[in-house]
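Below is one structure; the comments refer to it alone.
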Amino acid sequence: MPVVRIWWVLGWFQVAALLIATLWPAVALPGPEGSDKLVHLASFGWLMFWFAQVVVQRRWRLTLLLVGYGGLIELLQYFSGYRHGDCWDLLADCCGIFLAWAVVLWVSPNVIDRFSATVNG
């Protein structure tokens, strides 16, 4: 199986895992109040970093999809009855997405190319 296909499959597993984790009944995270925003920032930043390796053209579409996904999660949490949607969580999601986009642009644009070279020898 080509590396790009594996990358996509692993990425979709991460999307599903994030959805399950965010809709699971609430668990108190250790740390000060509001520290869950770091989890949001890291989670969506990681998804952006991951998918930006295979979505090279039109990354703005990827950005819109991930922001929409974050918004969908917050709506689902709001209507779940046991979680609550929070606009600050969505803001943290967006910050993670844009931060990761910057990292991909300026620091690490071709992780998948290096990974492919390692796998393919």
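The values are calculated or read from the model by the stated rules, or taken from the named source; none is laboratory data. The shown structure was predicted, so the numbers you read here are calculated from the model rather than taken from an experiment. Neighbour counts are summed over all protein chains in view; Cβ atoms, including those assigned to glycine, are modelled from backbone coordinates with ideal geometry.
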Pairs where the first residue, in region 60-83, is free of Cβ contacts under 8 Å to residues at least 24 places away in the same chain and acidic (Asp, Glu) and the second is assigned to a helix (DSSP H, G or I) and buried (at least 18 other Cβ atoms within 10 Å of the Cβ), C-beta under 9 Å, 6+ apart: Glu74/Thr22; Glu74/Asp89; Glu74/Leu90; Glu74/Asp93
Pairs, first within 23 Å of Val56 (Cα to Cα) in region 1-27, second at pLDDT 95 or above and of a type in the set (D, E, K, R), C-beta under 7 Å, six or more apart: none
Filtered residues of region 21-38 (kept if at pLDDT 85 or above and more than 24 Å from Val9 (Cβ to Cβ)): Pro25, Asp36, Lys37, Leu38
